[in-house]
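Let me begin by presenting the structure, written as structure tokens, before commenting on it.
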Amino acid sequence: MGFLSILSFAHQLARERIRPGDVAVDATMGNGHDTLLLAGLVGDGGRVYAFDVQEAALRSTRARLDAAGIPAERCALLLRDHAELADALPADARGRVAAVLFNLGYLPGGDRRVMTTAASTVRALDAALAALRVGGVLCAVVYPGHDGGADEAAAVEAWAAGLEQSRYQAMTYRFLNQRNAPPYVVAVEKRSD
């Protein structure tokens, strides 16, 4: 058995936290892979809030969810920037979120000029952290290898490193001997309010 891939590691952390009926957030829906995973984990009584700024991401995600038989009412697909997470989450979801997944950068197969940025991502991370319940997890997959990606990755790491140790545990999961600035995970667990 080998190491988990970067995405598999983030997904494993989400699987360990989410139970049927929970609330989860896909902060960067992309083509819907993370949204589908979260929708399966929260089950019929749960709710997923998924964010993206591109109409193509919403269409792709809706098609993926429909193909998997996920009821539309289980997932709120929001055509909004992840930086608007605090305003977009309903009041009854705040403080109840079991997991938040970020897959930063640009939409695979989409316009590479449209991407997450350090400034918008840090705002989204702050909002996501506030929405987490105790024991919840936030996972950000960062991609330092594209234009602007290294700055965003550094901002995410600095944000996580600055969190109060008594309330949060923060870590990275990365492969050290891969070329071309491979992606890695920055994960945060909320230990207390």
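Brief remarks on what is shown
- Relative contact order, percent, the chain [alpha-carbon distance under 8 Å, six or more residues apart]: 21 percent
- With both labels modelled 7 Å from their Cα along Cα-to-Cβ, the Ala161 to Val134 distance reads 3.0 nm.
- HN-Hα J in Hz across the range 157-167 - Karplus 6.51, -1.76, 1.60, θ = phi - 60°, x for Gly and Pro: 4, 4, 4, 5, 5, x, 6, 5, 4, 6, 10
- Assigned charges on the beta-carbon of Lys, Arg, Asp, Glu; the range 31-179 dipole about Cα centre (debye): 300 debye
- GNM flexibility winner over the chain from Ala67, Ala140, Ala14 (Cα, springs under 10 Å): Ala67
- Extending 7 Å from the Cα toward the beta-carbon at both Val122 and Arg96 defines two label points whose distance is 3.2 nm.
- Loop-located GluC sites (Glu not before Pro) across the range 85-193 with a Cβ neighbour count of 16 or fewer within 10 Å are Glu164, with loop assigned by DSSP.
- Residue ranking by accessible heavy-atom surface, 1.4 Å probe, largest first, among His11, His82, His33 comes out as His33, His11, His82.
- The chain, accessible surface, carbon-and-sulfur percent (1.4 angstrom probe): 51 percent
- Note on the chain: the alpha carbon radius of gyration divided by the globular reference 2.2 N^0.38 Å gives 0.95.
- The amide H of Thr28, built 1.01 Å from its N in the peptide plane, has Phe51, Asn103 as neighbours under 5 Å, considering only residues 5 or more places off or on other chains.
- Along the range 76-81 the Karplus relation, 6.51 cos²θ - 1.76 cosθ + 1.60 evaluated at θ = phi - 60°, assigns HN-Hα couplings of 8, 8, 10, 7, 8, 5 Hz to successive residues, with x for each Gly and Pro.
- Summarising the strand pairing of the range 1-135, around 5 percent of its internal DSSP beta bridges are antiparallel.
- Loop-located trypsin sites (Lys or Arg not before Pro) in the range 84-193 (DSSP state not H, G, I, E or B) with no more than 10 neighbouring Cβ atoms inside 10 Å: Arg113, Arg179.
- Backbone N within the range 140-176 under 20 Å of label point (7 Å from Gln12 Cα along the Cβ vector): 140-143, 169-176
- Per-residue HN-Hα couplings for the range 172-184 [Karplus 6.51, -1.76, 1.60; θ = phi - 60°; Hz; x = Gly/Pro]: 10, 10, 8, 9, 8, 10, 9, 7, 6, 6, x, x, 8
The values are calculated or read from the model by the stated rules, or taken from the named source; none is laboratory data. Keep in mind the model is a prediction, meaning the values are calculated, not measured. Here the Cβ is made from the backbone with ideal geometry for all residues, glycine too, and neighbour counts use every protein chain on show. The area values use the complete protein model at the heavy-atom level, side chains included, leaving out ligands, DNA and RNA. Shrake-Rupley method; radii C 1.70, N 1.55, O 1.52, S 1.80 Å.
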